[in-house]
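Engineer: Below you'll find the structure I mean.
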Amino acid sequence: MKLKRPEFIMFDYGQTLIKEGAFDGAAGFDQILRYASSNPDGVTGADLQAEAERLNAELGRFNPATRHKRLTEIPEESVNRLLFAGSGVAFPPGTDLRELEPVFWEAANPCEPCEGIGELLIFLKEEGIRTGVVSNLSFCGRTLEKRIYSAIPEADFVFVLSSCDYLFRKPSRHIFEAALAKAGVTADQAWFCGDQFIPDIQGSAAVGMTPVWYKGNLRYDGECKLTEGIEIDHWSELIGILQNLGEK
């Protein structure tokens with residue numbers, strides 16, 4: 001596969017831009033409950049997390065063996081509305097549950113930038129290569145954007161796209177095609193960087209983008225093997241590859 005300099009590079013979010021720690025949903029719900037106006041039964045974050053896990057199992061969410069087969073997204077806002085209503089928890093009139101997503105996420109899932117990502121994003125901006133984010137996420141794009149810029153202030157993305165707002169999840173072609181349209185480029189002008197083989201690498205390659213498999217924070221890859229595109233373990237490697245391609 002002969003590489004050509006990209007006009008646009010898109011990134012996955014989790015374990016690609018940002019390295020996330022252990023998930024503690026009970027801690028996240030405990031923080032949200034601080035904003036409740038009524039909790040007559042004294043429901044705790046642990047209670048809500050236990051019910052969320054039952055709902056998620058029924059919905060088939062977050063199962064590593066099957067999640068790549070689920071191509072549509074269920075917004076966390078909808079799940080939480082059901083959880084709170086069912087448990088008798090109420091919030092002040094006019095409360096936007098999406099505004100509470102960052103509160104939950106920060107408490108439930110600490111994070112830090114992936115090593116070298118800041119330097120790469122600065123390099124891309126200096127080279128005039130525009131960037132964007134496409135994430136499979138049940139939180140809205142506004143929440144995701146806040147999370148990214150808080151952790152990586154040097155980032156300058158054209159857009160931050162969450163499947164929560166666009167119905168379809170990677171590897172569906174629909175979300176990639178929407179992102180390409182927002183970027184104003186054709187698939188052969190764009191690269192896609194991600195850590196998950198099926199949604200990120202296979203999905204982007206299927207629409208004609210050049211896949212970049214970032215394995216620096218890989219949690220699992222099974223028996224996957226890259227047959228086309230780029231495979232790297234550190235973001236500095238991508239800088240070197242782009243430098244070797246030269247200018248347009």
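The values are calculated or read from the model by the stated rules, or taken from the named source; none is laboratory data. This is a predicted model, so every value here is computed, not measured. Neighbour counts are summed over all protein chains in view; Cβ atoms, including those assigned to glycine, are modelled from backbone coordinates with ideal geometry. These area figures cover heavy atoms from the full protein model, side chains too; ligands, DNA and RNA do not enter into them. Shrake-Rupley method; radii C 1.70, N 1.55, O 1.52, S 1.80 Å.
Engineer: Can you tell me the relative contact order of the chain? Whole percent, Cα pairs under 8 Å, sequence separation 6 or more.
Structural biologist: Normalised by residue count, the contact order of the chain is 26 percent.
Engineer: Calculate the all-directions average of the projected area of the stretch 90-210's alpha-carbon convex hull, and give it in nm².
Structural biologist: 8.6
Engineer: Right, something else. Just to verify a number: FRET efficiency for ASP41 and ASN63, C-beta to C-beta distance, R0 = 30 Å, to 0.05?
Structural biologist: Plugging the Cβ-Cβ distance into 1/(1 + (r/R0)^6) gives 0.50.
Engineer: Can I ask one more? Nearest 5 percent is fine: what portion of the DSSP beta bridges confined to the chain is antiparallel?
Structural biologist: Close to 20 percent.
Engineer: Okay, next question. Count charges around ARG70 for me, please; just the other residues with Cβ under 14 Å from its Cβ, Lys/Arg as +1, Asp/Glu as -1.
Structural biologist: Residues near ARG70 contribute +3 overall.
Engineer: With each pseudo-label sitting 7 Å past Cα toward Cβ, what's the THR186-GLU228 distance in nm, one decimal?
Structural biologist: 1.5
Engineer: Would you calculate, for the chain, the mean residue ellipticity at 222 nm contributed by helices, counting each DSSP H stretch of 4 or more residues as -39,500 (n - 2.57) and dividing by all residues, to the nearest 500?
Structural biologist: Per the formula, -11000 deg cm²/dmol.
Engineer: What order do you get for 133-142, 88-97 when each peptide is scored by the mean count of other beta carbon atoms within 10 Å, highest first?
Structural biologist: Final packing ranking: 133-142, 88-97.
Engineer: Something else about it: I'd like the accessible area for HIS174: 1.4 Å probe, protein heavy atoms, all chains in place, Å² to the nearest 10.
Structural biologist: The accessible area comes out at roughly 80 Å².
Engineer: Still on this structure, I have one more. Which value, in Å², gives the accessible area per residue of the stretch 157-248 when a 1.4 Å probe is used on the protein heavy atoms?
Structural biologist: Each residue of the stretch 157-248 exposes 46 Å² on average to a 1.4 Å probe.
Engineer: Label 7 Å along Cα→Cβ of ALA22; the stretch 76-115 residues with amide nitrogen under 16 Å?
Structural biologist: Only 107-111 pass the distance filter.
Engineer: Now for a separate question. Measuring from a point 7 Å past the Cα of LEU245 along Cα-to-C-beta, which residues in the stretch 11-35 have an amide N at less than 14 Å?
Structural biologist: Under cut-off, by backbone N: 11.
Engineer: Accessible area of the chain with a 1.4 Å probe: how many percent of it is carbon plus sulfur?
Structural biologist: 49
Engineer: Still on this structure, I have one more. Run the paramagnetic zone check for TYR149: 7 angstrom along Cα to Cβ, then residues of the stretch 157-179 with backbone nitrogen under 12 Å.
Structural biologist: Output list for this probe position: 157-160.
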